[in-house]
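No lab work stands behind these numbers, since they all come straight from the coordinates. This structure is a prediction, so every number in the text was calculated from the model and none was measured. Here the Cβ positions follow ideal geometry from the backbone for every residue, glycine too, while neighbour counts run over all protein chains shown.
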Amino acid sequence: MNNTILITGGCGFIGSNFIQYVLANTKYRTVINLDKLTYAGNPNNLLDIQKDERYIFIQGDICDHNCVRNIFKEYLPGVVVHFAAESHVDRSIDGPQQFIQTNIIGTSVLLQESLDYHIHLNEAFRSKFKFHHISTDEVFGSLDEGGYFSESTAYDPSSPYSASKASSDHLVRAWHRTFGLPVTISNCSNNYGPYQFPEKLIPLMILNCLAEKPLPVYGTGENVRDWLYVQDHCDAINMILQKGAMGETYNVGGNNELQNIQIVKEICTILDEVKPAESGNSYHQLISFVKDRPGHDFRYAIDSTKIKQDLGWQPHETFQSGLRKTINWYLDNEVWWIETQENIYQQERLGTVQSI
């Protein structure tokens, strides 16, 4: 039992990076990936490990009790890591119901099936079972220019996306406190790196630069985010699984607070250096400002003191080193993002935005 890990949403950006991390760095005998394959679930993210005998892919929905129950019965996982979620703020503005269904209802189904499974394990296995829930710093709402989100910060979500993730966090804690399900939660800052779906800021700007298309920046571009390289996040999750205390929450940040406009300008500067535009113009000339989205939080900043002190985790990448690795990955993996554009996403900016 304890050599099997069940990962939900493993064809998504962070989930696929975590599966590759697990196969390369841990001793799990079996890695199960349960993914519905929505628009953001891309099987091409995992082409390199398709032939690994330890890897099993199951296409299914976390909202489906029977599907989840059958996985527990057949594979007897000792660990569940729950990534599966609708995750883009703009899409939640356009269509909040799917976020409620997947992020809230889906999490409740997964928790209940995990609990039923956990209850019926023998005592030795029951004491080792773990359920880890991946969440976001967006559940905390918006910060002004001072202060940081800690694990004790009150929730104050602004968008349908962050409200649905806040709801799922509360459900996970409730299943621990009420039913005794052994859980941990992590709230991370903005991830970036290989395989990120092109609707997110960094890959969108990279690919728009390469196509010499406008680089749409919300409002004045002064909104601040903390940025976490995805491999550093994978390290943190693994450390929580190995050392984390049941019932505890850990904030995971990259110590990289930057304004959105700074991010876009840095991408332009690096690409001007490593992949100059065919037109001969600087990519900076493509920057354009668009109407801000509703409920756009001003600043997120994570205090990662707890995971650093209690578990010994530290991010390895600076933003500059992580961004260069990310840009180089997109330059080296043109087939991946061209297929994504052709089949799923055409780099549109979502939500209620208009040029100004």
Worksheet item: Which order results if Cys63, Cys188, Cys234 are arranged by neighbouring Cβ count within 10 Å, fewest first?
Response: Cys63, Cys234, Cys188
Discussion item. From the helices alone, meaning DSSP H stretches of at least four residues, give me the mean residue ellipticity at 222 nm for the chain, per-run term -39500 (n - 2.57), in deg cm²/dmol to the nearest 500.
Written reply: -12000 deg cm²/dmol
Worksheet item: Going down the table (Lys213/Lys291; Lys36/Lys165; Lys27/Lys308; Lys36/Lys130; Lys36/Lys306), which pairs top 28 Å between alpha carbons?
Response: Lys36/Lys306
Fill in: Range in the chain, longest, excluding exposed GluC sites (Glu not before Pro) [loop by DSSP; at most 12 other beta-carbon atoms within 10 Å]
146-277
Item to complete: Find the relative contact order for the stretch 136-263 and round it to a whole percent, using C-alpha pairs within less than 8 Å whose residues are 6+ positions apart.
Response: 30
Worksheet item: Taking the Cα centre of each part, how many Å lie between the stretch 126-187 and the stretch 283-302?
Response: 25
Practice prompt. Place a label point 7 angstrom from the Cα of Gln341 along the Cα-to-Cβ direction, then list the residues of the stretch 184-224 whose backbone nitrogen is under 12 Å away.
Written response: 198, 204-214
Discussion item. Cut-off is 10 Å between beta-carbons; in what order do Met205, Met246, Met239 appear when sorted fewest neighbours first?
Written reply: Met246, Met239, Met205
Worksheet entry | Rounded FRET efficiency, nearest 0.05, which uses the C-beta distance separating Leu241 from Ser152 and R0 of 22 Å | 0.45
Worksheet entry | the chain - share of DSSP beta bridges that are antiparallel (%, nearest 5) | 10
Worksheet item: Over the chain, what is the relative contact order in whole percent, taking alpha-carbon pairs under 8 Å and six or more residues apart?
Response: 18
Worksheet item: Between Asp272 and His65, what is the label-to-label distance in nm when each label sits 7 Å out along the Cα-to-Cβ direction?
Response: 5.9
Worksheet item: the stretch 63-142: which trypsin sites (Lys or Arg not before Pro) are DSSP loop and have at most 13 other beta-carbon atoms within 10 angstrom?
Response: Lys128
Discussion item. Loop only by DSSP, 15 or fewer other Cβ within 10 Å of the Cβ. Give me the chymotrypsin sites (Phe, Trp or Tyr not before Pro) in the stretch 221-324 that pass, ordered by residue number.
Written reply: Phe298
Item to complete: May I ask you to compute the full-extension gain from Arg324 to Ser282, defined as 0.36 nm times their residue separation minus their alpha-carbon distance, rounded to one decimal in nm?
Response: 13.3 nm
Item to complete: State the extension gain, in nm to one decimal, for the chain segment bounded by Glu212 and Arg177, taking 0.36 nm per residue of separation less the distance between their alpha-carbons.
Response: 7.4 nm
Fill in: Virtual spin-label span in nm between Gln97 and Tyr39, 7 Å along Cα→Cβ
1.6
Worksheet item: What chymotrypsin sites (Phe, Trp or Tyr not before Pro) does the stretch 1-83 have in DSSP loop regions with at most 15 other beta carbons within 10 Å?
Response: Tyr39
Discussion item. Need the full-extension length gain, Asp48 to Ala24, defined as separation in residues times 0.36 nm minus the C-alpha distance. One decimal, nm.
Written reply: 7.5 nm
